[in-house]
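The values are calculated or read from the model by the stated rules, or taken from the named source; none is laboratory data. None of the values given here were measured: they were computed from a predicted structure. Quick reminder, even Gly has a Cβ in these numbers, built from the backbone with ideal geometry, and neighbours come from all protein chains shown. Just the protein is used for accessible areas: all its heavy atoms, side chains included, with ligands, DNA and RNA removed. Shrake-Rupley method; radii C 1.70, N 1.55, O 1.52, S 1.80 Å.
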Amino acid sequence: MTDSLEPRLAQFRTTFRRIQSEMAKMIVGQDDVIESVLVALFTGGHVLLEGVPGLGKTMLVRTLGEAVNLQFSRIQFTPDLMPADIVGTNIIHEDEHGRRTFQFRAGPVFANLLLADEINRATPKTQSALLEAMQEAHVTVGGVRHELPQPFLVLATQNPLEMEGTYPLPEAQLDRFLFKVKVRFPSNEELHSILDRTTSAHSPRVEKVVNDAAEVLALRDVVRQVPLVREVQEHAVKLVLATHPEDPGATPLAKKYVRYGASPRGAQALILAAKIYALLDGRYHVAKTDIAKGAHAALRHRIILNFEGEAEGRTSDEVIAEILHVNPA
Amino acid sequence: MKPADEILRTLRALRWRMALGDFLRSAARAALFFFGVLVVFTAVAWWRDGFRPDLTAVPIALTWPFIFGVAAAMLITALKFPPQERVARALDAAGATRDRFVTALRLAEKSHADEFERTALAEIAAWARARKLGALLPLRLPRELPWIAAPVAMLALLWWSAMNANAIKDARAAQETAAISSTAKQLDRLGAAADILAQENDDKLLKLVADRLRQSAEQMRAEASEGKDAHKAALRELAQLDDFVKDLRRPEAATPDELKALADALAKHEQTREAAKDIAGGNLAEAAKKLAETAKDESSAEQVNATLKQALDHLAERREEVSKQIEKLQQAGEGGRRDLLKRIAEALNDLAQQGKNVARDGKGSPKSEQKKMTDDDLRRLLGALEGIKDQQQRQQEGDGPQGGQPQPGEQKEGEANGDGKVAMLNFPTGEKPGETPGESIHFPSGKPGNGTDRDTTKDPFGAKSAAPNDAARKEQNAGQLGEGESLSALIPSAAAGDEKAVRRYRELYDAAAFAAEDAVTQENIPLGARFLIRRYFQAIRPKQ
C-alpha cells in the first residue's frame, strides 16, 4: 500500500465513524438513517427523509451541521411559501450618496446543510425552486447566477400520513434525491434513551469532527477514486434494469406493479454509495454486496408503481427486495 | 513479486484444481449418459423379444459406460479448460471474497494501474495470502454419481425380466415341442413311406407329397421350438396339407396333349386356324371367343361344327381310354396313389376337425386328449399308408387283392391290419374325433340349461314376439361363422313426430305469471324464497 493514499483512506474511515458516533449521541436508534445521511454528504447527494413528525429529523440535520462544522439552515415549507423565500431576492439598496441599486439578498438555500421541512406542503412552483439548487448547485435570480456553497446537502422531510393540502413531489424532483430514507418510530429501549437524554439536566454535547467544508470536499474526492470493475458495475445495471417492467430481466412484481422503473441516476446513486460502503468495510474496491446494501435507499423513490400496485398496497421496497433476491450479490 | 503477478499465479494454480473438478463432473454425466444409452438399447432388445442376456458379460457391460464416460470427460475437459476469469468468478461465488478475485484479475490486466488500483491489488494479494484458497474450490464427488444407480437398476430389471421370460419361453418351447413331437414324427414317417412308394413307382407326385409332409413336420417343430402355439401350428399345417392333397385329387383339366390334339384338329380348317393358334398358345379364352364368332358365320358353321365334333369325339375317346386304363389300374390295385391321397385327405380332414372342435369348445377336451386323438388319427393314416404299401408289394409279387380282405378305408374300426397297426379313417355317424358320444350337443349359452322349459318353442331364444310398434324394424344378422342368430330392433322415440305447440308461449307465460305473482304475494311463502321465484319467472320470460 502506498504511503500517500493510506492515511487519506484511514482518515476517511475515521472521520466517517466519528461523525456517526457524535450524531448517535443525539439521535437514538437511527443508525441506518445517520449512515445514509453521511453517505449522501460524502457523495454529494441529497436525502429525502420520510417519517412522522417528532422523530428527530430536524435534530438530525442540526446535529450533522454541528459535527461537521457546516452552515445549517432550515425552511419550513408552507403553501404560501414563495420561491424567493427560498433562493433569495433582489432588494433596492440606497447607499450613503442616495444612489439606489439592486442588491441580492441570499435566501436560506445558501447554506451547506439545508433542511427543507415538510417539503410536500409547498406548491410545485416553490418546490421547483429547489430543483436548480439541488442539481446544479447554483441559483439564478434576476438573470444572475449565484453559486451555492460547497458542500451543499439538502435534507428534505415529508409526512407520509397527512395527504390533505399537500403537493406530492413530482418524479423529476424525487429523482434528484440520492436517497429516500424512512425514519422509523423508535423501539421501547430507544424511546427510553431518548427520554433520558432529553428530559434530564445534562444533555449530550456534540463535538466538531470536521474543521471546515474543504475537508469534507477532500474526502469526497477520495470516495470517487475507489476502483470498480465492469463485472461489479454490471450488477448495478442489472438491478436498475430489473425495475423496468418492459425489461427482460424484470421480476414478476416489477412486471405487474411498476409503471416506471429507476432512472440512470439510480445507478449512479448505487455506485457512489457502494464506494463509500467499500471504504467503510476496509476494502479499496467495490463489491456487489456494497451495491446491494444501498439498493433500497437509492431506488425506492425512483420506482413508480402503477394503479394496481397502489390499490393492492404494494410498495417499491417489495419490488426491490424481489430484485435483490433474483439477482443475488 | 508484484501483487498482480502473485494473484495471477494463484489463479493459474487453481485452474488445474477446477479442471479436475470439471473432469469428475463430466465423467459422471457422460457415464450417466452412456448408461442411459445402454438402458435404451437393452430396452429395445428386450421389447423385441429376442434378448438373451449373458450373465458373464454383465461386468463388462457395466464397465463400458464408465470407460466411455472417462474418455468423453477427458475430451470435454481438454476442450473447455477453465480460463482464469472462470476461476476468479468461481472463487468469488464460493466464498466471502467480496468480488476480490474478479476485481484483481481486471486490475492486473491493466497495463497502467493508478495508485488506488495498486492499493486495491495489494490489499487483495494480502487477503489471498492469509487464506487457503483451495478450500474455496473443493473436490467433491459429483452430484450425478448416485444417479448412475438408476440406470443400473433399470438394466438389472431388464436383464432379470429377459432371463425370466427366456426361461418361461424355453419351458414352453420344450412343452410345445413335446406336444407335437409325435405328430411330427408321424408326418415324418408318413413322408418317408410316401417317399419309398414314390421311389418304387417312380411317381413324382408322391415324391412331392412326401416332401410336403416332411416340410410340414419341420415347420411344426420350428414353431414349437420358438415357443409358439404348437397345436395351432399343427392344425394349420394339417389344413394346408389337406388343401394340398385336395388339389392333387381334383380332376385334372385338359392335359397339354389333349389341348395339342384339339389344336391340331382345329388347324386343319381355315376358319378355325386362328382359334387353334390361341389354343396352342394357351390362350383358351380368346380361342373360345373366336370359335363363337366363327360359329355365327352360317357358311362355315357347319364345317366348323363338324370339325369340333370330330375333335371332341377324338378327345372323348382318349378320355375314355384313359378312364378305362385307370379303372383297370384300380381294379388291378394300381389305384394306390389316388387312394393314398384320398386317405391322406380324409385323415387330415379329421385332424383339422378335431382341432376346430377343441378350439371352439375350449374346455371340451384337454390338450392331452386332443394330442392323443391326433396321434391316433395319424396312426390310422400311417396304417392306411402301410396297408397301401403292403398292397403294392403284393401287387408287385402278382397277388391281387383278396376278396375277403377289406380295402383301405373300408377296414372296420379297431381292426388291426397286417402289421398290427390300426387303420381307422371312418368315424361313427354323428360323432367327431375328439368327442365322446353325447358331447356333440351344442349349447348356445355355452352350458346346459336348468331343465325348465320356458317356452313352447324349440328356438333357444324363445318365440319371436311382435314388434314394439309398426315403426319398429327388426333385423336378423347372420354371424359370419354361423354361430347362431341374433336379433336387433330399432325403436323410434315416441316424440319423433312433427308435433308443434298449440298455444303461443307468450300466452302461456302471461297466464302463468299472474298466477305465480299471486302465489308469491301470499304470506306463507318466505320472503327470501319470493325473490327466487320472481327470478325464476324472469328467467323464463319470453324474449321481446
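Ignoring any ligand, DNA or RNA, what whole percent of the accessible area of region B:94-222 comes from carbon and sulfur when the probe is 1.4 angstrom? Using a 1.4 Å probe with all protein chains present, region B:94-222 comes out at 58 percent carbon and sulfur.
About its Cα centre, what dipole magnitude does region A:227-329 give when the only charges are +1 on Lys and Arg Cβ and -1 on Asp and Glu Cβ, stated in debye to the nearest 20? Before the final figure, lay out the partial values.
Numbers: 13 positive and 12 negative charges, 62 e Å.
Rounded to the nearest 20 debye, it is 300 debye.
Association of chains A and B removes close to 1600 square angstrom of accessible area from solvent, both sides included, for a probe radius of 1.4 Å. Listed cross-link partners A:Lys238/A:Lys275; B:Lys277/B:Lys309; B:Lys260/B:Lys289; A:Lys255/A:Lys288; A:Lys25/A:Lys57; B:Lys268/B:Lys309 are compared with a 21 Å cut-off, the Cα-Cα value being larger for A:Lys255/A:Lys288. Computed from the C-beta positions of B:Ala285 and B:Glu200, the FRET efficiency with R₀ = 56 Å rounds to 0.85.
Contact order normalised by length for chain A, with contacts defined as Cα pairs under 8 Å and 6 or more residues apart; what percent is it? It would help to have the intermediate numbers written out before the result.
Working: 569 pairs, mean separation 65.6, N = 329.
This gives 20 percent for chain A.
Residues considered: A:Ile91, A:Ile34, A:Ile276. Largest GNM mean-square fluctuation over chain A, using C-alpha springs under 10 Å, is found at A:Ile91.
Got a sec? Which residues of region A:260-297 lose 40 Å² or more of accessible surface with every protein chain in place, vs. that chain alone, 1.4 Å probe? Buried by 40 Å² or more upon assembly, which counts only protein chains, are A:Arg283, A:Tyr284, A:His285. Database remark: amide H of A:Lys182 closer than 5 angstrom to the amide H of A:Glu50 (H placed geometrically; neighbours at sequence offset of 5 or more, or on other chains; Pro and chain starts carry no H). Once label points are set 7 Å from the Cα along Cα→Cβ at both A:Arg184 and B:Arg129, what is their separation, rounded to one decimal in nm? It is 4.2 nm. Apolar share of the accessible surface for chain A: 51 percent from carbon plus sulfur atoms, 1.4 Å probe. A cut-off of 5 Å between modelled amide H atoms, ignoring neighbours fewer than 5 places along the same chain, links A:Leu115 with A:Ser73, A:Arg74, A:Ile75, A:Leu155. In a DSSP loop and with at most 16 other Cβ atoms within 10 Å, the GluC sites (Glu not before Pro) in region A:1-105 are A:Glu96. Around the amide H of A:Asn306, modelled in the peptide plane, lie the amide H atoms of A:Val258, A:Arg259, all under 5 Å away and 5 or more residues distant in sequence or on another chain.
Could you rank A:Asp317, B:Asp242, B:Asp257 by how accessible they are, 1.4 Å probe, largest area first? Display every interim value, and only then the final one.
Numbers: A:Asp317 30, B:Asp242 10, B:Asp257 95 Å².
Result of the area sort, largest leading: B:Asp257, A:Asp317, B:Asp242.
Want the number for A:Arg230 to A:Asp32: 0.36 nm per residue separation, take away the alpha-carbon distance, what's left?
Numbers: separation 198, 0.36 × 198 = 71.28 nm, distance 2.81 nm.
In short, 68.5 nm is gained.
Its alpha carbons give region A:1-66 an Rg and a Dmax of 13.8, 48 Å.
Once the partner protein chains are put back, region B:59-107 shows a loss of at least 10 square angstrom of accessible area, versus the chain by itself, at B:Arg89, B:Arg98, B:Asp99, B:Arg100, B:Val102, B:Thr103, B:Arg106, B:Leu107 (probe 1.4 Å, ligands and nucleic acids excluded). Summed over the residues of region A:157-281 and divided among them, the accessible surface reaches 52 Å² per residue at a probe radius of 1.4 Å. Compared with its chain on its own, region A:193-240 contains the following residues whose accessible area drops by 10 Å² or more in the full protein assembly (probe 1.4 Å; ligands, DNA and RNA excluded): A:Gln225, A:Pro227, A:Val229, A:Glu231, A:Val232. Using the Karplus relation 6.51 cos²θ - 1.76 cosθ + 1.60 with θ = phi - 60°, the per-residue 3J(HN,Hα) values for region B:82-92 come to x, x, 4, 4, 5, 4, 4, 5, 5, 5, 5 Hz, with x marking Gly and Pro. Averaged over its residues, region B:3-143 has an accessible area of 58 Å² per residue, based on protein heavy atoms and a 1.4 Å probe. Only Cα sites of region A:227-329 enter the Debye sum here, all with the same form factor; the resulting log10 I(q)/I(0) across q = 0.20 1/Å is -0.89, listed in q order. Heavy-atom accessible area with a 1.4 Å probe sorts B:Tyr509, A:Tyr167, A:Tyr284, A:Tyr260, largest first, into A:Tyr260, A:Tyr167, B:Tyr509, A:Tyr284. The residues B:Trp64, B:Trp47, B:Trp127, B:Trp16, sorted by heavy-atom accessible surface at 1.4 Å with ligands and nucleic acids left out, run B:Trp47, B:Trp16, B:Trp64, B:Trp127 from largest to smallest.
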